[in-house]
Amino acid sequence: MGQRNVFGKWIGRSARKDQLSPQSLAALGPYRHLSAAELSHTLDLVERIPLSSGLLNGALPTDRHLFLESGSIQIQTHTGYVLLLKAGTPQARFPMPLKPRVVSLYAAEPGSLLSIPRTPTLSPNDGTAPPPNPALTAEENEAFAQLRTYFRTQHAELPSLPDLALKIGKAIDDPNNANEDIARLIQLDPSLSARLISVVNSAAFGGFNRITSINQASARLGRNKVRSLVYSCLLKSIFNTSSTPLKRHMEALWQHSVHVAALAFVLGRETPGIDAEQALLAGLIHDIGSVAVIGGINRFPVLARRQEVIDYAIASLRIEVGVHTLRHWRLGDEFGDVITDAENWQRVGSAIPDNTDVVILSQLHALIGSAGQGRLPRIDEVPAFHKLARGQLTPRHSLSILDEADADVREVRALIGGS
């Protein structure tokens with residue numbers, strides 16, 4: 001016997017009885033890698049939730065994935081973005097987003113949801129595999145253990161946002177401050193002011209009506225976009241090391257981050273629901289953990305003697321340390337998933353694209369032509385591919401939308417400090 005849920009409907013009937021097939025289940029994002037036996041077992045655990053038209057005020061299960069099986073639902077996020085999700089569309093193959101990202105759900109017509117257990121099954125390309133151990137010497141092994149311990153102490157030195165960025169961010173977050181107050185803070189750094197005005201006036205940022213002051217820039221963009229751009233313009237100083245052997249690594253990391261950020265901006269600009277300036281910042285900081293690890297290696301020079309040891313230390317620690325760094329910056333809630341899943345190529349996410357989807361696809365595009373490209377999935381095999389850029393992405397060679405916007409990508413790279 002089923003149980004009555006908050007919508008006054010009976011749930012708990014196996015969806016197998018209503019002709020949900022293993023093939024239909026495998027078409028849903030999180031379940032496409034399950035074996036035949038796993039699909040059959042999961043089918044027995046699927047439940048249906050019938051929906052009536054109107055606002056869905058009741059609590060939906062948060063420990064299971066929910067998919068729109070029939071009907072249509074209007075989803076509004078806390079950013080104000082509204083998506084009309086329709087059954088049978090590519091977006092409906094992804095789980096519905098729920099609170100806290102969602103403010104309201106409105107069933108535009110009667111329909112039904114599928115409630116399916118979350119699966120821990122991961123594909124070989126999910127980016128979570130540990131890096132191969134390069135056979136460390138006893139001295140290297142001891143130094144690596146000390147490095148790992150160092151980052152787990154409260155005294156570890158993590159990358160810090162520049163003081164001016166922190167002051168501006170704090171001022172923007174204070175609703176009692178007017179745009180003029182924020183502009184005065186930005187103007188304390190003439191170089192930053194000039195760069196912001198250049199960015200806002202650039203063709204890539206849609207600067208058709210030329211602005212001449214920071215006040216005008218704030219009015220055009222809004223406070224949150226200004227904060228993202230301020231952080232992006234000031235971050236280059238963090239990508240620095242006093243170690244000569246490690247300088248090349250840090251410079252390569254900066255150039256890669258800038259490239260990913262520029263691609264993320266262009267993709268975000270073309271994708272409803274994405275704040276392009278925030279996507280830009282997400283691209284810049286997606287591998288901030290590597291910056292911290294390189295700084296830590298500088299404390300244990302024995303780890304910098306061999307290329308494979310440097311790579312191993314970075315790959316082993318960058319996600320853990322990156323998450324700590326963002327918490328230190330108080331940006332963990334906004335960008336934590338970007339750090340943990342930037343190379344989780346098969347991340348499913350939800351029906352509404354987010355910054356992590358944008359960074360994943362930007363990374364794949366940035367890595368085209370690299371030495372490791374052969375180990376990467378095809379772009380059209382990645383779940384994020386099917387959610388971004390209004391469905392204009394094509395699998396041929398690359399993302400056509402980025403190829404067409406190559407001039408904008410190069411302009412954004414130059415504006416935020418790349419070559």
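Is at least one residue of region 204-218 among the hydroxyl-bearing types (Ser, Thr, Tyr), loosely packed, with under 15 Cβ neighbours inside 10 Å and within 28 Å of Glu270 (Cβ to Cβ)?
The first filter runs over region 204-218 and keeps only residues among the hydroxyl-bearing types (Ser, Thr, Tyr), leaving 212-213, 218.
Imposing the further condition that a residue be loosely packed, with under 15 Cβ neighbours inside 10 Å reduces the set to 212-213.
Pick out the ones that are also within 28 Å of Glu270 (Cβ to Cβ) and you get none.
So far as region 204-218 goes, no, none of its residues is among the hydroxyl-bearing types (Ser, Thr, Tyr), loosely packed, with under 15 Cβ neighbours inside 10 Å and within 28 Å of Glu270 (Cβ to Cβ).
Does region 73-94 hold any residues that are touching a residue at least 24 places away in the same chain (Cβ under 8 Å) and in contact with a helix residue (DSSP H, G or I) (Cβ under 7 Å, 6 or more places away or on another chain), and which are they? It would help to see each step written out before you state the result.
First, the residues of region 73-94 that are touching a residue at least 24 places away in the same chain (Cβ under 8 Å): 73-79, 81, 83-85, 87, 90-94.
Once the filter is applied, which keeps residues that are touching a residue at least 24 places away in the same chain (Cβ under 8 Å) and in contact with a helix residue (DSSP H, G or I) (Cβ under 7 Å, 6 or more places away or on another chain), region 73-94 yields Leu85, Pro90, Arg93, Phe94.
So, in region 73-115, of the ones that are in contact with a His (Cβ under 7 Å, 6 or more places away or on another chain) and under 12 Å from Ile352 (Cα atoms), which residue ends up modelled with the highest pLDDT?
Checking each candidate, the answer is Pro95.
Could you go through region 306-316 and let me know if any residue there is closer than 30 Å to Glu69 by Cβ and touching a residue at least 40 places away in the same chain (Cβ under 8 Å). Don't jump to the end; show me each part of the working.
Step one: of region 306-316, the residues closer than 30 Å to Glu69 by Cβ are none.
No; the residues of region 306-316 include none that is closer than 30 Å to Glu69 by Cβ and touching a residue at least 40 places away in the same chain (Cβ under 8 Å).
Which of the residues spanning region 178-189 are farther than 14 Å from Val226 by Cα and surrounded by 14 or more Cβ atoms within 10 Å (Cβ to Cβ)? Let's see the steps before the verdict.
So the first thing to find is which residues in region 178-189 are farther than 14 Å from Val226 by Cα, and the list is 188-189.
Matches in region 178-189: Asp189 only.
In this structure, is Leu51 surrounded by fewer than 14 Cβ atoms within 10 Å (Cβ to Cβ) and of a type in the set (A, V, I, L, M)?
On the way: surrounded by fewer than 14 Cβ atoms within 10 Å (Cβ to Cβ): no; of a type in the set (A, V, I, L, M): yes.
Considered against the rule, which asks whether it is surrounded by fewer than 14 Cβ atoms within 10 Å (Cβ to Cβ) and of a type in the set (A, V, I, L, M), Leu51 comes out as no.
Going by the conditions given, is Gln154 surrounded by fewer than 18 Cβ atoms within 10 Å (Cβ to Cβ) and within 21 Å of Ser290 (Cα to Cα)? Spell out the reasoning first.
On the way: surrounded by fewer than 18 Cβ atoms within 10 Å (Cβ to Cβ): yes; within 21 Å of Ser290 (Cα to Cα): yes.
It is true that Gln154 is surrounded by fewer than 18 Cβ atoms within 10 Å (Cβ to Cβ) and within 21 Å of Ser290 (Cα to Cα).
The values are calculated or read from the model by the stated rules, or taken from the named source; none is laboratory data. Here the structure is a predicted model, which is why all the values come from computation and not from measurement. Methodologically, a virtual Cβ is constructed for each residue, glycine included, from the backbone with ideal geometry; neighbour enumeration extends over all protein chains shown.
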